[in-house]
Every structure is written in C-alpha cells, then in structure tokens.
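What follows is a set of notes on a single structure, which appears directly below.
The values are calculated or read from the model by the stated rules, or taken from the named source; none is laboratory data. Quick caveat, the model's predicted, so the values are computed rather than measured. Counting neighbours? That spans all protein chains shown, and the Cβs are built from the backbone with ideal geometry, glycine included. We work out accessible area using only protein heavy atoms, side chains counted, and drop any ligands, DNA or RNA first. Shrake-Rupley method; radii C 1.70, N 1.55, O 1.52, S 1.80 Å.
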Amino acid sequence: MFKSLLFSGLIALASSSAASAADVLHVYGPGGPAPAMREAAKVFGNAHGIDVEVVAGPTGKWGADFQKNGDIIYSGSENMMGGFLAQFAGVIDTATVNPLYVRPAGILVRPGNPRHIHGFEDLLKPGMQVMVVEGAGQVGLWEDIAGARGNVDAIRAFRMHIVRYASNSAEALNAWQAQPSIDAWIIFPIWAVAHPGVADVVPLSPPYLIYRDCGVALTHQGERQANARAFLQFLGGPEGRRIFVRYGWTDHAAAN
C-alpha cells in the first residue's frame, strides 16, 4: 500500500514538473530590442499564467543555451537575423521569420548637447569625436548614413572623426561612459531611453534617416508549443505594438 502511494505521488510530482517546464518560454536575442521584449513578455506571461524568460546580449552569452532550450529568437536587423539562421541552422524554423517593427537610427550626444549637434552634418565639423558600432544589428549602418547623399567626401570626412569602433552596443555604452571625450554616438535612440541620463537624442533627418527592424522566429521546438505561437501573435498584435511603440519602434514610419 505504501509503495503504491509512493509511486502515485512520484508520478504526480513528475507530471507537475513536466507541466511547469512546459509553462516556461525561452526567448533569446540582442540587447537593443530587449526592453520592449521584456515588457511584452511580462504582460503576456501575466495574462496567460506562464513564465516568459528573455535572455539578451551578445550571442556568445546565450548561444549554447539557445540551442538547448530556445523557443523563440529575435533580432535587431535583417543582417543579424540572417546571421542567426546561418549560425543556428537546423534549430530555427526559417519559415516562421517575421519582421515586426522598425526603429530609426539617431545621434546620441552628451546631456545638454554641449557641442550643439543638431544633425548629421554637424558631425563633419572640425574637432568632432564620434563613436560607431560595427556589429550587433548595425553592420554598415554608419556607412549607409554617411553615404546617403552619394557623396564620398562625406564618408571620408565622417570616417576621420570616428575615434571608437565598438563591436556591439553594450561595449559602446561602456565606452561612452568611460570616455567623456567622445562627443556623439551613432546608435538607436533606445539606448538613451533604456539608460536615462546617459545621453540626449538628436534625431536624424532625411536623407540620413536609416531604419533597422526587429524580427522574430520560432525554433522547431517552439513551433510545437501553442504558447510560443501565441506569444508571437501577441507581439504583432495591438497590445504588443503599443509596448514597442513606447520604446521607439513603429510598424509604419511617417513618409519622408
């Protein structure tokens, strides 16, 4: 009798543990879209009684775990998503890739804008010291901006003012805080929103205004989970859109 009760209890405990594991969604991606993604995960998770865990940062931080338990991946640009599809071939279901929202690049300046920077062309003035990011969803971004008028002289002049090439946005944030001599930083304005007080935002204007998107995709594991599919629907729906808009994203930028 005791053995029977013990066995029944173990079965119940195992079933409960399996159910709990199924109620956790594992989401991975870069740091830029993370503030919006984490808020969306919290709202969706509270509404559905599940835990949506968002792990963000450079791919090296989470790549191994993603291959073990990842349900959803998100990116900060099409270039980045393409890299994920190559790096995690066989893990991500390529048919589920969906660009959700776009965000404009901008110029971050020191609080109070002491160098009186009001647009891209001010960064070409003598003495300016600028930082750019060359990875993590910003591959080619500064070149796209500097070359927007098809004027190679602007690219030459801007390049002469670059004093720091960061490999990712987190590294750039550390450099911004450690090197006060840097006057301006080409990046997405979300980094000023997510870190209040570190910088002011100077918007870019056409033709220098460049956008990059946030895309999402299911893994083959996630595709089998109704909660994972439902979370992707939530992200693209009205409530998900409202959350992303608060963090500077849009699905329909105003015509230039």
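Quick notes on this one:
- Tally of residues being charged (D, E, K, R) and either out of contact with any Lys or Arg (no Cβ under 9 Å at 6 or more places or on another chain) or over 17 Å from G32 (Cβ atoms) (or both) across segment 188-233: 4
- Among the residues of segment 133-142, at least one is of a type in the set (D, E), part of a loop (DSSP other than H, G, I, E, B) and in contact with a Phe, Trp or Tyr (Cβ under 8 Å, 6 or more places away or on another chain).
- Residue in segment 148-165 that is open to solvent by less than 40 Å² (accessible area, probe 1.4 Å), in contact (Cβ under 8 Å) with a residue 60 or more places away in the chain and either under 16 Å from the mean Cα position of the chain (by Cα) or under 16 Å from E134 (Cβ atoms) (or both) present: no
- Hits in segment 199-229 - residues which are open to solvent by less than 30 Å² (accessible area, probe 1.4 Å), more than 28 Å from L123 (Cβ to Cβ) and of a type in the set (A, V, I, L, M, F, W, C): V216, A217, L218, A228
- Of the listed requirements (1) in contact (Cβ under 8 Å) with a residue 12 or more places away in the chain; (2) over 30 Å from Q233 (Cβ atoms); (3) buried (at least 16 other Cβ atoms within 10 Å of the Cβ), G112 misses just one: (3).
- Members of segment 44-94 that are surrounded by 14 or more Cβ atoms within 10 Å (Cβ to Cβ), more than 19 Å from the chain's Cα centre (by Cα) and part of a loop (DSSP other than H, G, I, E, B): I50, V91, D93
- Of all residues in segment 230-254 being open to solvent by 80 Å² or more (accessible area, probe 1.4 Å) and part of a helix (DSSP H, G or I), the one that is farthest from P189 (Cα to Cα): Q233
- Selected residue [aromatic (F, W, Y) and part of a strand (DSSP E or B)] from W191, W185, W176: W185
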